[in-house]
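The values are calculated or read from the model by the stated rules, or taken from the named source; none is laboratory data. Small disclaimer: the values here were computed from a predicted structure and weren't measured. Don't worry about glycine lacking a Cβ; one is built from the backbone with ideal geometry, like all the others, and counts go over all protein chains shown. Just the protein is used for accessible areas: all its heavy atoms, side chains included, with ligands, DNA and RNA removed. Shrake-Rupley method; radii C 1.70, N 1.55, O 1.52, S 1.80 Å.
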Amino acid sequence: MSDLKDIVPISEWFPGKNITELLIAGPCSAESEEQVMETGKEIIKHTDIKIYRAGIWKPRTRPGSFEGVGLEGLKWLQKLKKETGLLTAVEVAYPEHIKACIEHDVDILWIGARTTANPFSVEELANALVGVDKPILVKNPVNPDLSLWIGAIERLYKKGIRKIAGVHRGFYPFEKTIFRNIPKWEIVIELKRKFPHLPIITDPSHISGTVKYLREISQKAMDLNMNGL
């Protein structure tokens, strides 16, 4: 097992952009060109955030739910990037997603929690990412399995990918709690202990599930020296 010591720090991901931590904002899903553009313009108007995220393909538990707008949404993100200068981030689950994102100048790719839980899927994505010089974010698996999370990161690392960060988005609780996903901070702390060179950011929206707890979760993440939100 590697110690991941030669992971590229966030400050070197985008030369000239002055990004030292990952502050990312945007809708869960891109739903319309108007929504994408208006949200992006509000972000740059009111914040210093430089990275815009939007789901283009959505893995739903049951068929028939909204599963994303697909390729059309990448065109909206490309337009947003051109008009605002925001960097863009998109979740990928298949090699064809990676290809489409590269063709539409997406800057950051992320692997979702359900994909992280499947080593076969991660290996397939890692193979497709060989030679792709883009940062890859790896969300924790839906279940609190640190080894599974580390394994996904290592699969990417073994393929030569060095711009990697973990995303702590909380873990699925079967029982009812005040959070949508329970944070289980001890797992993130252990990941940081094992791999101090690996950037890790926290996703307070996924954990909270409501605006009520956003500030609390965000502050806790900063107190634990996370590398962004």
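Some points to look at:
- Among the candidates Gln78, Gln35, residue that is out of contact with any helix residue (DSSP H, G or I) (no Cβ under 6 Å at 6 or more places or on another chain) and without any contact (Cβ under 8 Å) to a residue 24 or more places away in the chain: Gln35
- Qualifying positions in the range 1-32 - within 24 Å of Gly55 (Cα to Cα), open to solvent by less than 40 Å² (accessible area, probe 1.4 Å) and out of contact with any helix residue (DSSP H, G or I) (no Cβ under 9 Å at 6 or more places or on another chain): Ile10, Trp13, Phe14, Ile24
- Identity of the residue in the range 61-120, at pLDDT 95 or above and polar (S, T, N, Q), that ends up nearest to Ala152 (Cα to Cα): Thr116
- Qualifying residues in the range 55-64 (those that are under 24 Å from Val122 (Cα atoms) and in a loop (DSSP other than H, G, I, E, B)) - the one least open to solvent (accessible area, probe 1.4 Å): Ile56
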